[in-house]
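The values are calculated or read from the model by the stated rules, or taken from the named source; none is laboratory data. Worth saying up front: this structure is predicted, and the values here are computed from it rather than measured. Reconstructed Cβ throughout: ideal geometry from the backbone, glycine too, with neighbour counts over all protein chains shown.
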């Protein structure tokens, strides 16, 4: 494959764009300069480390090290879900609900992709497993965190209406239905919108990456379509598990609304 | 008969009392004394300690929804979950006589809840609970936002349900209303309940 290699001068040149951005914030007194620079620094450090880690993981190609890296990615994503919530579950649920749903959905979909459509040899080949998991995880994480956010804030906001239904003898399934629907809608909206707009408005990053690396566009598109299916499947599976689990946690067997289980 | 013993929730209780069927009892007490906490606990909307029975059957022998159909709480500020009035009723035709008796227009089925007045919403909330024919009614200031004619209509409707056998626990800050509608009064004070002489 032939492609234009980047050297550090090229990257320094491109970083001028972010510096200009920070300078603009300073000039307009937006108070964003510090956050922009910290986020940029994090991005550079994190990606550089990931590059080194991936390089050695690919070299070892051990199933255990691959699994360990996958687990670390899932645990970090779980922390991110928790951090994005306005209302969080009390106790261990704060972390375990989002992380558990994501572990289940992302692991299932990634293993399906590795053993079914992609089938590298060996199936756990980290060069396939980790990028696939990363893409699925990133989107599943967004879906679950939006779903849980909409569920908890919706139930808090609509508490009077939910409890009015419960007080009239309706079941928790009936009383929670609008909140669950809204939560799943907001969880799936990003991937649905992305699928509808992709190719027309934006060229997906993975596909453009492959094309830049010299892959035939038609082959790159095939990969991208596969990825979209995997992402859609992982996101909806993860969001359904998280939102239904969250709704169960925020009610009890007496069909009561248990907002006391939020912090 | 509705019997409560050893009821405890947050700073409330332990307390006990009972309501005979057909009896209207006024629940008095300063704002913040725990009247609403008590009513929510009785309707099993919040977890609480203690025993609550209806005609000798423990609340936990009912499912939560069945219990709340039998022991119905009408909060001071009702909740709504869609905008069309009739969608809040299980069976509009069953509720219609109650709606008319409360002085609401029969065509209010298609009203928008957000455009109804406070008093109209209060009467709609009362009607949707009464339509379930509960054995016990827990009313949290059911007439606080009503004009005198509507108050009279609501009082006579509730009195008629009590005559038909419902037990009613009625929160009010109005001494004359308590004397008018209730046979006896319970006073909530610092999480404890005691019988007070009728005023």
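Do the conditions hold for residue B:70, that is, is it touching a strand residue (DSSP E or B) at 6+ places or on another chain (Cβ under 8 Å) and under 15 Å from residue B:161 (Cα atoms)? Here the answer is yes, as residue B:70 does meet what is asked. Between A:232, A:242, A:213, A:194, the distinction of being surrounded by fewer than 20 Cβ atoms within 10 Å (Cβ to Cβ) and in contact (Cβ under 8 Å) with a residue 60 or more places away in the chain belongs to A:213 only.
Evaluate the following for residue B:7: is it touching a residue at least 60 places away in the same chain (Cβ under 8 Å) and outside any loop (DSSP other than H, G, I, E, B)? Full working, then the answer.
Working: touching a residue at least 60 places away in the same chain (Cβ under 8 Å): no; outside any loop (DSSP other than H, G, I, E, B): yes.
Here the answer is no, as residue B:7 does not meet what is asked.
Would you be able to say whether some residue in the stretch A:209-216 is under 21 Å from the mean Cα position of the chain (by Cα), away from chain B (no Cβ under 14 Å), assigned to a helix (DSSP H, G or I) and farther than 30 Å from residue B:74 by Cα?
In the first step, residues of the stretch A:209-216 are kept if they are under 21 Å from the mean Cα position of the chain (by Cα); the result is A:209.
Next cut, away from chain B (no Cβ under 14 Å) only: A:209.
If we keep only those that are assigned to a helix (DSSP H, G or I) as well, we get A:209.
After this cut, where a residue has to be farther than 30 Å from residue B:74 by Cα as well, the list is A:209.
So far as the stretch A:209-216 goes, yes, one or more of its residues are under 21 Å from the mean Cα position of the chain (by Cα), away from chain B (no Cβ under 14 Å), assigned to a helix (DSSP H, G or I) and farther than 30 Å from residue B:74 by Cα.
Looking at residue A:103, is it surrounded by 15 or more Cβ atoms within 10 Å (Cβ to Cβ), away from chain B (no Cβ under 14 Å) and without any contact (Cβ under 8 Å) to a residue 60 or more places away in the chain? Yes. Looking only at the stretch A:186-193, decide whether some residue is assigned to a helix (DSSP H, G or I), over 26 Å from residue A:97 (Cα atoms), in contact with a helix residue (DSSP H, G or I) (Cβ under 8 Å, 6 or more places away or on another chain) and in the same structural domain as residue A:150 (by TED's automatic domain parsing). No, the stretch A:186-193 contains no residue that is assigned to a helix (DSSP H, G or I), over 26 Å from residue A:97 (Cα atoms), in contact with a helix residue (DSSP H, G or I) (Cβ under 8 Å, 6 or more places away or on another chain) and in the same structural domain as residue A:150 (by TED's automatic domain parsing).
Residue by residue, here is whether (1) in a loop (DSSP other than H, G, I, E, B); (2) away from chain A (no Cβ under 14 Å) holds:
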residue: B:37; (1), (2): no, no
residue: B:66; (1), (2): no, no
residue: B:69; (1), (2): no, no
residue: B:96; (1), (2): no, yes
residue: B:103; (1), (2): yes, yes
residue: B:107; (1), (2): no, yes
residue: B:114; (1), (2): no, no
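In this entry, residue B:129 is excluded by the filter for residues that are surrounded by fewer than 23 Cβ atoms within 10 Å (Cβ to Cβ) and under 12 Å from residue B:88 (Cα atoms). Note on the stretch B:23-61: residues that are within 15 Å of residue A:168 (Cβ to Cβ) and either free of Cβ contacts under 8 Å to residues at least 40 places away in the same chain or more than 16 Å from the chain's Cα centre (by Cα) (or both) amount to 3. Those residues that are touching a strand residue (DSSP E or B) at 6+ places or on another chain (Cβ under 8 Å) and farther than 12 Å from residue B:24 by Cβ, I need them from the stretch B:139-167; list them, please. Residues satisfying the conditions are B:140, B:141.
Residues of the stretch B:143-166 that are within 11 Å of residue B:102 (Cβ to Cβ), under 12 Å from the mean Cα position of the chain (by Cα) and not in a helix (DSSP H, G or I): B:143 alone.
Applying the criterion of being crowded, with 17+ Cβ neighbours inside 10 Å and not in a loop (DSSP other than H, G, I, E, B) to the residues of the stretch B:39-52, the residue that is farthest from the other protein chains (Cβ to nearest Cβ) is B:50.
Any idea how many residues of the stretch A:122-176 are within 14 Å of chain B (Cβ to nearest Cβ), assigned to a helix (DSSP H, G or I) and either closer than 22 Å to residue A:50 by Cα or touching a residue at least 24 places away in the same chain (Cβ under 8 Å) (or both)?
To start, the set of residues in the stretch A:122-176 that are within 14 Å of chain B (Cβ to nearest Cβ) comprises A:154-176.
From what's left, assigned to a helix (DSSP H, G or I): A:154-157, A:159-167, A:172-176.
Remaining after also requiring either closer than 22 Å to residue A:50 by Cα or touching a residue at least 24 places away in the same chain (Cβ under 8 Å) (or both): A:154-156, A:159, A:162-163, A:166, A:172, A:175-176.
The number of residues fulfilling the criteria is 10.
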